[in-house]
Amino acid sequence: MKLHPMIAALRRHKAGVVLIALQIALTLAIVCNAVFIIGQRIERVNRPTGLVEDNLMLVSQGWVGAPSGDQPGDVEKLDSLLQADLAALRAMPDVESVVPINSLPLLNSSWTGSVALKPGSDLRAGNARSVYYFGDEHLLKTLGLKLVAGRGFTAADVQNRGFRDSGTPAVIIVTKALADKLYPKGDALGKAIYLDGGSSPSTIIGEVERLQAPATGSWVNGFLWNATIEPFRLNANFSRYAIRTRPGRLQAVMHAVPNVLYGVSRMRVLDDDSVKSFAQIRQEAYRSDVGMAVLMGVVCLILLGVTAAGIVGLTSFWVGQRHRQIGVRRALGARKIDILHYFQMENLLISGAGAVIGLGLAIGLNMLLMKRFEMDRLPVLYVLAGIVAVMALGQGAVFAPARRASNVPPVVATRSV
Amino acid sequence: MFAYYFELALRSLKRSRGLTLLMVLAIGFGVAASMTTYSVFRAVSGDPIPWKSSKLFVPQIDMWGPKARDPNGDPPDAMDYADAMALMRAHRARYQSAMYQISPSVVPADASKHPINVSGHAVFSEFFPMVDVPFKYGAGWTADDDTQRSAVVVISSKLNDKLFGGQNSVGRTLDIEGKDYRVVGVTDHWNPQPRFFDVVNTGGFTDGAEDVLLPFNRAIDVGMPNNGNTNCNEVPKESGFVGLQHSSCVWMAYMVQLDDAAAVQAYREYLDGYARDQQKAGRFGWAPNNRLRDVPAWLDAEHVVPSDTKVSLLVALGLLVVCLVNTAGLLLAKFLRRSSEIGVRRALGAQRSAIYAQFLTEAGIVGLAGGVLGLLLTGVGVASVGWVMPKDIASLARLDVSLLAITLLVAVVATMLAGLYPTFRASRVQPAWQLKSN
């Protein structure tokens with residue numbers, strides 16, 4: 001098939017061609033970036049936290065009128081309140097293990113600092129930034145963390161301290177990511193490191209495979225997998241307990257926990273948000289990411305629908321306009337398939353031109369998003385897939401009107417209007 | 001004449017129903033997507049206190065020095081206790097208040113009810129006139145209550161409904177953390193979004209309430225700890241909440257009211273003078289590097305509007321543009337198909353302007369129909385943003401009269417703009433050409 005007559009014909013309705021090409025270009029630019037956003041959000045939501053998330057729940061509560069922690073003896077009073085709660089929770093029939101903990105991954109309540117290989121480094125500098133988790137010897141078991149080197153905490157390692165007091169643990173467990181950052185040769189186990197610019201050493205006695213930071217914001221991206229676990233029960237006028245239940249008994253335990261705790265003491269605050277399954281924590285943490293992905297998905301669908309409909313509409317118009325010419329071609333010996341191919345080829349030309357412009361627009365839009373909104377660079381693969389998709393969309397949309405054109409009988413040529 | 005064009009347009013639109021439906025759908029969806037995301041954007045980027053946001057300022061003092069500055073060279077965005085108290089004592093602004101976020105428990109008088117958790121702020125008396133807190137009953141406390149460390153409290157109307165059945169509770173007592181406080185005021189549905197006076201601790205938008213406002217000095221005295229962020233440049237040397245007050249950690253918000261440019265200038269000079277004094281005293285080892293931003297500039301610097309909201313709006317506007325390009329293409333096809341009709345009209349003496357009027361009327365009708373569809377879809381969209389946006393933000397998006405009006409206006413104006421070129425082409429149709437061939 002010769003392209004020359006086709007291009008000559010397209011020149012006769014420049015405006016329509018330009019509008020369709022422009023529409024395809026804009027669609028390509030937006031869809032590429034929107035699909036990229038969707039892909040990134042899905043990747044973000046699917047990254048594993050390092051926990052075994054089934055049958056895991058968190059209780060956050062506060063004691064009314066509890067000591068502030070500033071007077072002598074306050075911390076011990078708070079610790080006895082904590083111990084009483086722990087004993088009651090551990091005695092529950094469906095509970096496998098309980099750990100008092102300051103936070104959990106995805107909870108967006110963070111304690112961060114820095115770790116250093118040498119004593120007395122600046123607090124903000126250090127060799128690596130890290131988030132801190134505080135818990136007792138039940139932490140690894142309760143969260144379901146996978147120990148890849150060394151050992152977990154024993155009861156003898158665990159101490160208690162005031163929430164706002166400083167204190168350095170003799171032993172710590174770190175994530176493999178943090179261990180490898182500090183000791184790239186992989187020999188971190190048994191080494192002493194210094195927390196928060198302190199001067200007393202903490203020995204790494206264990207490494208866990210993976211443990212995500214509590215925060216989900218972009219500020220934590222640089223040290224998302226750097227976690228340090230300290231063997232402390234933190235004492236404040238509030239507490240959090242992570243609870244692992246027997247398989248399938250999560251709902252029952254969630255339901256029973258408030259009464260068990262009120263049974264220990266009524267002077268406490270337990271509200272609607274106090275007892276949460278980890279699934280709820282995950283859902284809340286990623287709500288906006290899932291929402292953004294859904295929104296982008298809806299926009300893409302509308303865009304593709306509108307563009308496809310636009311192509312159908314405009315091509316139908318052109319078919320109607322060229323009714324007689326098609327009849328003449330058919331009368332002169334063109335087969336039905338030739339007419340079909342003509343319109344398909346024409347659409348391919350227009351879509352191709354649109355895709356080329358769209359390629360530039362997609363990259364331009366991505367650069368704007370990178371500059372203004374901290375987006376990542378759009379991989380070429382997305383753009384190529386986008387080009388293939390809009391070309392396929394164009395072919396799909398043009399098929400119905402093109403077939404109608406190919407069914408124009410040759411006899412039309414002999415009729416005058 | 002308009003009625004005639006209206007009738008012509010309706011006839012023409014009826015003639016090709018598929019094409020008309022396509023245009024209406026495209027405009028409806030495009031407008032609805034843009035308006036839904038715009039309603040969210042409008043909700044989060046609005047000025048929370050438009051009548052005086054340009055008079056309210058947030059001072060920042062560089063108490064940590066060059067190493068801790070952010071990439072723009074800005075000092076910490078919150079205050080440490082020592083500097084906040086020094087600024088309060090100097091009292092150089094019309095109104096000022098240091099404040100920190102609290103989350104105490106309230107014990108209901110009815111012993112059968114469990115204690116509840118409330119959230120709020122510890123503030124100074126000048127906070128109330130400064131941010132124009134509206135009162136349902138009573139008022140804020142006085143400067144005397146600040147100095148005497150009175151056990152008084154301002155509660156929200158919501159908490160008042162819960163604890164006192166919505167009655168005037170001024171003078172009644174409330175048990176907060178086991179201590180009695182006298183209610184002096186009940187705020188009137190006050191829930192500013194974003195929380196411009198404490199962006200650092202709320203992140204701007206919050207689904208929490210300002211249930212209790214307590215005198216700052218009193219809260220410090222009873223050791224009511226802060227419930228927000230604490231950021232430290234070095235580990236506090238002492239322990240507990242008192243240790244935090246003696247440390248250089250930042251955990252407080254601070255706001256001042258400055259009524260005119262001269263006052264702003266004077267306050268800037270005061271801040272620089274204060275930093276220089278600290279430098280001379282050996283506490284700061286660097287030159288003054290303070291900031292004093294009014295509320296809009298502060299919200300901008302703190303990136304209060306989530307970037308997701310802006311990206312959504314941008315993408316939805318892109319969608320609207322595509323829908324309009326689509327409509328322009330279809331209108332072009334539709335109008336040019338009627339070249340012979342235009343030729344006849346022109347040959348019979350119709351002016352170009354008449355052609356313009358006729359076809360723009362038709363575009364306007366398509367836009368109006370698209371706008372009505374868009375209104376319905378925007379309603380659906382705004383109702384379902386709760387499903388795709390964070391709770392604290394989604395609850396702010398509302399469908400109101402102005403949004404409805406904007407939706408219709410955008411639909412009609414945009415469609416008529418899209419119809420301009422096709423109309424221009426229609427008006428250029430040569431009558432002789434059309435008449436000859438037939």
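If I ask for residues that are of a type outside the set (A, V, I, L, M), outside any loop (DSSP other than H, G, I, E, B) and closer than 25 Å to B:Gly318 by Cα, which ones from the range B:390-423 would you list?
Taking the range B:390-423 first, the residues of a type outside the set (A, V, I, L, M) are B:390-392, B:395, B:398, B:400, B:402, B:407, B:415, B:419, B:421-423.
From the residues that got through so far, the ones that are outside any loop (DSSP other than H, G, I, E, B) too are B:391-392, B:402, B:407, B:415, B:419, B:421-423.
Within the range B:390-423, B:Ser402, B:Thr407, B:Thr415, B:Gly419, B:Tyr421, B:Pro422, B:Thr423 meet the criteria.
Within the range A:184-192, is even one residue closer than 30 Å to A:Asp54 by Cβ and within 14 Å of chain B (Cβ to nearest Cβ)?
There is no residue in the range A:184-192 that is closer than 30 Å to A:Asp54 by Cβ and within 14 Å of chain B (Cβ to nearest Cβ).
Answer yes or no: is there a residue in the range B:203-211 that is among the charged types (D, E, K, R) and in contact with a Pro (Cβ under 7 Å, 6 or more places away or on another chain).
From the range B:203-211, those among the charged types (D, E, K, R) are B:207, B:210-211; that's our starting set.
Checking the rest, the ones that are also in contact with a Pro (Cβ under 7 Å, 6 or more places away or on another chain) come to none.
Scanning the range B:203-211, I find no residue that is among the charged types (D, E, K, R) and in contact with a Pro (Cβ under 7 Å, 6 or more places away or on another chain), so the answer is no.
Given the range B:1-110, what helices (runs of 4 or more DSSP H) lie entirely inside it while holding 1 or more residues that are within 12 Å of chain A (Cβ to nearest Cβ) and among the β-branched types (Val, Ile, Thr)? If you could, list the steps in order and put the result at the bottom.
Numbers: elements: B:2-15, B:17-45, B:81-90.
The qualifying helices (runs of 4 or more DSSP H) are B:17-45.
Does the range B:330-339 include one or more residues that are assigned to a helix (DSSP H, G or I) and away from every other protein chain (no Cβ under 14 Å)? Give the derivation first.
Filtering the range B:330-339 for residues assigned to a helix (DSSP H, G or I) gives B:330-337, B:339.
Cutting the leftovers down to away from every other protein chain (no Cβ under 14 Å) gives us none.
Within the range B:330-339, not a single residue is assigned to a helix (DSSP H, G or I) and away from every other protein chain (no Cβ under 14 Å).
Working carefully through the options A:Ile42, A:Ile30, A:Ile37, A:Ile24, find the one that is of a type in the set (A, V, I, L, M), away from chain B (no Cβ under 11 Å) and within 30 Å of A:Val356 (Cα to Cα).
Numbers: A:Ile30 fails: away from chain B (no Cβ under 11 Å); A:Ile37 fails: away from chain B (no Cβ under 11 Å); A:Ile24 fails: away from chain B (no Cβ under 11 Å).
Answer to the selection: A:Ile42.
Please specify each residue of the range A:48-90 satisfying the condition of being in a helix (DSSP H, G or I), more than 24 Å from A:Asn108 (Cβ to Cβ) and not aliphatic (A, V, I, L, M).
A:Asp74, A:Glu76, A:Lys77, A:Asp79, A:Ser80, A:Gln83, A:Arg90
Can you tell me which residues in the range A:266-318 are more than 30 Å from A:Leu26 (Cα to Cα), of a type in the set (Val, Ile, Thr) and either at the interface with chain B (Cβ under 8 Å from one of its Cβ atoms) or buried (at least 22 other Cβ atoms within 10 Å of the Cβ) (or both)? Explain how you work it out, then say what you get.
Residues of the range A:266-318 more than 30 Å from A:Leu26 (Cα to Cα): A:266-285.
Cutting the leftovers down to of a type in the set (Val, Ile, Thr) gives us A:269, A:275, A:281.
Listed by number, the residues that qualify are A:Val269, A:Val275.
For the range B:229-277, name all the residues that are more than 14 Å from chain A (Cβ to nearest Cβ), without any contact (Cβ under 8 Å) to a residue 12 or more places away in the chain and in contact with a helix residue (DSSP H, G or I) (Cβ under 9 Å, 6 or more places away or on another chain).
B:Asp260
Are any of the residues in the range B:210-220 closer than 30 Å to B:Asn168 by Cβ and among the basic types (Lys, Arg)?
Quick first cut of the range B:210-220, residues closer than 30 Å to B:Asn168 by Cβ only: B:210-220.
Of the ones still in play, those that are also among the basic types (Lys, Arg) are B:218.
Yes, that holds for at least one residue.
I'd like the full set of residues that are outside any helix (DSSP H, G or I), of a type in the set (A, V, I, L, M) and over 27 Å from the mean Cα position of the chain (by Cα), limited to the range A:227-273. Even if it seems obvious, please write down each step before you answer.
Kept after step one, since they are outside any helix (DSSP H, G or I), are these residues of the range A:227-273: A:227-249, A:265-273.
In the following step, the residues that additionally are of a type in the set (A, V, I, L, M) were identified as A:227, A:229, A:234, A:236, A:242-243, A:267, A:269-270.
Those that are outside any helix (DSSP H, G or I), of a type in the set (A, V, I, L, M) and over 27 Å from the mean Cα position of the chain (by Cα): A:Leu234, A:Ala236, A:Met267, A:Val269, A:Leu270.
All but one of (1) buried (at least 18 other Cβ atoms within 10 Å of the Cβ); (2) more than 31 Å from the chain's Cα centre (by Cα) hold for A:Arg12; which doesn't?
Only one criterion is unmet by A:Arg12, namely (1).
Name the pairs whose Cβ atoms lie under 7 Å apart, with the first residue in the range B:2-19 and within 19 Å of B:Gln351 (Cα to Cα) and modelled with pLDDT of 80 or more, the second among the acidic types (Asp, Glu) and surrounded by 11 or more Cβ atoms within 10 Å (Cβ to Cβ), and 6 or more positions between them or separate chains?
As it stands, the answer is B:Ala9/B:Glu362, since those pairs meet every condition given.
Restricting to the range B:233-286, what's the tally of residues that are assigned to a helix (DSSP H, G or I), among the β-branched types (Val, Ile, Thr) and in the same structural domain as B:Ala122 (by TED's automatic domain parsing)? Step through it out loud before you land on a result.
Here is the first cut: in the range B:233-286, the residues assigned to a helix (DSSP H, G or I) are B:240-246, B:261-280.
Retained after the next criterion (residues that are among the β-branched types (Val, Ile, Thr)): B:242, B:264.
Applying the additional criterion that residues be in the same structural domain as B:Ala122 (by TED's automatic domain parsing) yields B:242.
Residues flagged as assigned to a helix (DSSP H, G or I), among the β-branched types (Val, Ile, Thr) and in the same structural domain as B:Ala122 (by TED's automatic domain parsing) within the range B:233-286 amount to 1.
Looking for whichever is under 22 Å from A:Met6 (Cα atoms), surrounded by fewer than 16 Cβ atoms within 10 Å (Cβ to Cβ) and at pLDDT 90 or above here; the options are A:Val390, A:Val356. Which one fits? Please lay out each step first, then the result.
Values: A:Val390 fails: surrounded by fewer than 16 Cβ atoms within 10 Å (Cβ to Cβ).
Step by step, each of A:Val390, A:Val356 is checked, and only A:Val356 is under 22 Å from A:Met6 (Cα atoms), surrounded by fewer than 16 Cβ atoms within 10 Å (Cβ to Cβ) and at pLDDT 90 or above.
Out of all the residues in the range A:274-332, which are over 30 Å from A:Pro409 (Cβ atoms) and outside any helix (DSSP H, G or I)? Walk me through how you get there before you give the answer.
Taking the range A:274-332 as the starting set, the residues that turn out to be over 30 Å from A:Pro409 (Cβ atoms) are A:274-307.
Passing the criteria: A:Ser274, A:Val275, A:Lys276, A:Ser277.
Yes or no, residue by residue, for (1) free of Cβ contacts under 8 Å to residues at least 24 places away in the same chain; (2) over 30 Å from A:Ala84 (Cβ atoms); (3) away from chain B (no Cβ under 14 Å):
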| position | (1), (2), (3) |
| --- | --- |
| A:Ala149 | no, yes, yes |
| A:Leu178 | no, yes, yes |
| A:Tyr194 | no, yes, no |
| A:Asn226 | no, yes, yes |
| A:Pro231 | no, no, yes |
| A:Ser239 | no, no, no |
| A:Met254 | no, no, yes |
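Do you know which residues across the range A:198-224 are among the polar types (S, T, N, Q), assigned to a helix (DSSP H, G or I) and free of Cβ contacts under 8 Å to residues at least 60 places away in the same chain?
First, the residues of the range A:198-224 that are among the polar types (S, T, N, Q): A:199-200, A:202-203, A:212, A:216, A:218, A:221.
From what is left, the residues that are assigned to a helix (DSSP H, G or I) are A:218, A:221.
Correct list: A:Asn221 only.
Out of all the residues in the range B:287-307, which are assigned to a helix (DSSP H, G or I) and without any contact (Cβ under 8 Å) to a residue 40 or more places away in the chain?
Initially, the range B:287-307 is screened for residues assigned to a helix (DSSP H, G or I), giving B:295-301, B:307.
Selection gives B:Ala297, B:Asp300, B:Ser307.
Given the conditions (1) over 27 Å from the mean Cα position of the chain (by Cα); (2) surrounded by fewer than 16 Cβ atoms within 10 Å (Cβ to Cβ); (3) under 30 Å from A:Arg41 (Cα atoms), report the number of the one that A:Arg335 does not fulfil.
Single failed check for A:Arg335: (3).
Can you confirm whether B:Leu271 is within 28 Å of the chain's Cα centre (by Cα) and crowded, with 18+ Cβ neighbours inside 10 Å? Give the derivation first.
On the way: within 28 Å of the chain's Cα centre (by Cα): no; crowded, with 18+ Cβ neighbours inside 10 Å: yes.
For B:Leu271, the condition - within 28 Å of the chain's Cα centre (by Cα) and crowded, with 18+ Cβ neighbours inside 10 Å - is not met.
Restricting attention to the range B:111-137, and to residues there that are among the polar types (S, T, N, Q) and part of a loop (DSSP other than H, G, I, E, B), which single residue is nearest to the chain's Cα centre (by Cα)?
So, considering only residues that are among the polar types (S, T, N, Q) and part of a loop (DSSP other than H, G, I, E, B), the one nearest to the chain's Cα centre (by Cα) is B:Ser119.
Return the residues of the range A:131-172 that are in contact with a Gly (Cβ under 7 Å, 6 or more places away or on another chain), in a loop (DSSP other than H, G, I, E, B) and crowded, with 20+ Cβ neighbours inside 10 Å; say none if nothing qualifies.
Hits for the range A:131-172 are A:Leu145, A:Phe163, A:Arg164.
Picking from A:Gln71, A:Gln83, which residue would you name as being surrounded by fewer than 17 Cβ atoms within 10 Å (Cβ to Cβ), modelled with pLDDT of 90 or more and of a type in the set (S, T, N, Q)? Step through it out loud before you land on a result.
Values: A:Gln71 fails: modelled with pLDDT of 90 or more.
Among A:Gln71, A:Gln83, only A:Gln83 is surrounded by fewer than 17 Cβ atoms within 10 Å (Cβ to Cβ), modelled with pLDDT of 90 or more and of a type in the set (S, T, N, Q).
The values are calculated or read from the model by the stated rules, or taken from the named source; none is laboratory data. Keep in mind it's a predicted model, so treat the numbers as computed, not measured. When we count neighbours, we look across all protein chains shown, and the Cβ atoms used for this are built from the backbone with ideal geometry, even at glycine.
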